[in-house]
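Working notes for the structure below.
No value in this document is a laboratory result; all are computed from the given coordinates. Worth saying up front: this structure is predicted, and the values here are computed from it rather than measured. No Cβ is skipped: glycine too gets one built from the backbone with ideal geometry, and neighbour counts run over all protein chains shown.
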Amino acid sequence: MHGDWLLMLDKSTADCFLLRITGNPRTKIQLPPLHEPLNFLSTREMLESPESPNCTIVIASSVEVEEEGYLLHCNPGDKEWTKLVSPYDDFSFTFLIRKYGGKIYHCFAELVVVDMINGEIQLQRMGTIEDEEIDARGNGHYLVVESCGELFLLWIEELGYFAQDGLLTSIDVFCLDFDSMSWKRVDSIGSDRTFLVSGHYALSCPSINGVLQGNCVYLIWSSCECERLYKFCLDDMTISFNQILPQPTKPWCRAFWAVPTSIQSISVVEETAIPDYGLSKEKSNDNISNDFEEHAKSADGNSSRSWEHLPVELLELIVSNLSLVDLIRFPTVCKAWSEVSNPIEQAKVWPWLMHISKQDGTCKLFDPLRCEEYNIQVTVPFDVDKQHGNIIRSAKDGWVFMSAGIYGDEIFITNPFTEDSLELAMFYRRYHYSGISFSSSNPMCSDCVFFGINSSDNGLFLGTFTWQHGEPSWNEQEFEYDVPFPVGYNNPVMFNGEFYCLGRKGNLGVFNPASHAWRILDKTEPIHVNMNLSRDDHIGREFCYLVDMSGELISVFLRNSNESPRVFKLDMTKMSWVEGEDIGGGAMFLDYRSSYGVSSPDGGHGNRIYFPRYSEDGKPVFYDMDKKKYFPIVLCVVEPLNCVWMVPNMHKNESMTNMHKNELASDEE
């Protein structure tokens, strides 16, 4: 609540007091009994330190519990709490109150100062705060942090209900510009500080080398199977987590941060800035040097035979065993090597994890089978809103779906290897699809159909969306059902010429791109016959994935990392799901944005299910279906937030080339 002071409450007796936990002995300051229910208590703040005679404790009510928002406040030694109802008809308190400059501020849509004047709590309205992105945000919650004389707004977005369980999908940071009275998006909070979050409370703390990493947000939160400590790093847009308790907790039984005074006074720790790489492999001390000139030297320092004089037969043998990235680099070594037959387009490929690490277009590519990471710069040839960053939505056949703009309504696809790109028609509202894909392996074909789908949480209302080249907007169809079909958060799979969509219950829906007809299959019995979609089985409680594995449809259901994935194959003759314990030596790469199946991966990687995360030393996280275990066995894993599985595609699109030529010809005319 205030450094190393915590506000404590015994709900059975209403006993309330301040406790300083870092002193020896611990210090306790008694407060009046607090009889409000625990879910009433939203945010707590203090005017001045508990050691000061002018200390005032302020608690804001939760607008979700009380019909009217109000404050409770007291001073140590008071017999009871004083209630302060807002004197303004158009203003009620929320949990967004923070101490700033010796006063308490309520800051969200409006800035209101809470101050002690002549022994009384008084309010002063300072003006409206502009927030141009407020209507564009999805499911999540806000937090306000005071740090080094600035006020920051954190927007934590989640898929599902993250306070109970679910998936954290992004964290956006804004700083209050007092001159313009507006929230401004920022890419960094500074390498000298860290934000610590628990429940509705957040505070700033100096970074500590080896303990608290600068420019990071640490969150204590409950997932569906345990209590976790998350770390969100703004340097590379990744999130990592450790289990701190074996079982999830309730909000008021959750761990809270306490920062000793000795740490609060630590001086700024400068951290080395992350360099801005071009297209390159990640550097590390363990990497073998790629300096060919150095290896061209003999032991005594004399030059040996040049690399360019190696026999062609030997070079062709080398080429046949190179990875995709090395095949790309091979012709650039020297002129002789550039003349060696090098069929890059025939290289053996498997899904890589693509991750936007900087909003300037810098991306990382992680090869999970070779445990190597590369950097690549992704650019698009047309104008999109870059201020709010690009969000990865899906991937198929080497093409990556992205959205841009405040509402995510600017849609485009790009091939990061060939730099081919295509801008699609804008959505008429914010991006809200559960899945999106396209029908052809070549999205530039005139008959390619782009398809999106979503449904209401209860599955009673469903919408399909299509777009084709030349159409000015997306076409929408709406359906209403008596029997629910809640669409799962996974991408449609093109199978036998139709889009197959997996519902959260395990049933299947099919969309025909030729006739634009949608139907729910009757014969595939749901894996979950009974689901309470509004309570225990809400969105985020369990994730499901649909994969085409060499002509077979496979579904995977996963509740949490303490349980084994449940894998089902679709028996096409009976149109029923059959649960299995292996995938025939293949490998699957799962994520709600896109999932892939590979029938015969690189040696030693079969019968595995890979997830979009890795250990801190660069080992991919997977489930071994033979050993029935997750690997690697580590305490902390890293997961990029803005990422997708994608299969490298080196085929330069001729349709795109011709399209550009036609556009140039039209401009010249």
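Once both labels are positioned 7 Å from their Cα atoms along Cα-to-Cβ, the gap between D617 and N139 label points is 3.7 nm. Applying 1/(1 + (r/R0)^6) with R0 = 22 Å to the Cβ-Cβ distance of S188 and L635, what FRET efficiency is obtained, to the nearest 0.05? The formula returns an efficiency of 0.20 here.
Using mean Cβ contacts within 10 Å as the protection proxy, how do 134-143, 400-409 order, highest first?
400-409, 134-143
Can you give the net charge of the other residues whose Cβ lies under 12 Å from the Cβ of H469, counting K and R as +1 and D and E as -1? Value of the local net charge: -3. Listed values for the stretch 133-144 are Karplus-derived 3J(HN,Hα) couplings in whole Hz (6.51 cos²θ - 1.76 cosθ + 1.60, θ = phi - 60°), namely 9, 4, 7, 8, 7, x, 8, x, 8, 9, 9, 10, and x replaces Gly and Pro. A protection proxy built from the mean count of other Cβ atoms within 10 Å ranks the segments 230-238, 631-639, 433-441, most packed first, as 433-441, 230-238, 631-639.
Contact order, relative form, for the stretch 444-512: 23 percent (alpha carbon pairs under 8 Å, 6 or more residues apart, mean separation divided by residue count).
Among the GluC sites (Glu not before Pro) within the stretch 465-570, which fall in a DSSP loop and have no more than 14 other Cβ atoms within 10 Å of their own Cβ?
Listed in order of number, the matching sites are E563.
In terms of its C-alpha gyration tensor, the stretch 473-521 comes out oblate, because a/c is 1.5 or above while a/b does not outweigh b/c.
Let a ≥ b ≥ c be the square roots of the eigenvalues of the Cα gyration tensor of the stretch 389-501; is it rounded (a/c under 1.5), or, if not, prolate (a/b larger than b/c) or oblate? Verdict is prolate for the stretch 389-501.
Modelled label positions at E132 and S320, each set 7 Å beyond Cα in the direction of Cβ, lie 5.8 nm from each other.
Cross-link check: pairs K619/K652; K184/K231; K83/K184; K358/K619 evaluated at a Cα-Cα cut-off of 29 Å; pairs beyond the cut-off: K619/K652; K83/K184. FRET efficiency for the pair C445 and E110, taken as 1/(1 + (r/R0)^6) with r the Cβ-Cβ distance and R0 = 60 Å, rounds to 0.70. Whose amide H sits under 5 Å from the amide H of S594, counting only residues 5 or more places off or on another chain, with H placed in the peptide plane? The answer is W645.
Applying 1/(1 + (r/R0)^6) with r as the Cβ-Cβ distance of H528 and E423 and R0 = 60 angstrom yields a FRET efficiency of 0.95.
For the pair A14 and S550 in one chain, pulling the backbone fully straight at 0.36 nm per residue adds 186.7 nm over the alpha carbon distance.
3J(HN,Hα) couplings calculated from phi for the stretch 363-380 with the Karplus curve 6.51 cos²θ - 1.76 cosθ + 1.60 (θ = phi - 60°) are, in sequence order, 10, 10, 10, 10, 8, x, 7, 9, 6, 10, 10, 10, 10, 8, 9, 9, 10, 10 Hz; Gly and Pro show x.
Rounded to the nearest Hz, the phi-derived 3J(HN,Hα) couplings of the stretch 23-34 under the Karplus curve 6.51 cos²θ - 1.76 cosθ + 1.60 (θ = phi - 60°) are x, 9, x, 5, 9, 10, 10, 6, 10, x, x, 10, where x marks glycine and proline. For Y105, the amide hydrogen comes within under 5 Å of the amide hydrogens of R98, K99, Y100, V114, counting only partners 5 or more places away or on other chains and with H modelled in the peptide plane.
The simple spin-label model puts a point 7 Å past each Cα toward its Cβ; for D78 and Q359 those points are separated by 4.1 nm. Computed over the stretch 104-203, relative contact order equals 18 percent, with contacts defined as Cα pairs under 8 Å that lie 6+ residues apart.
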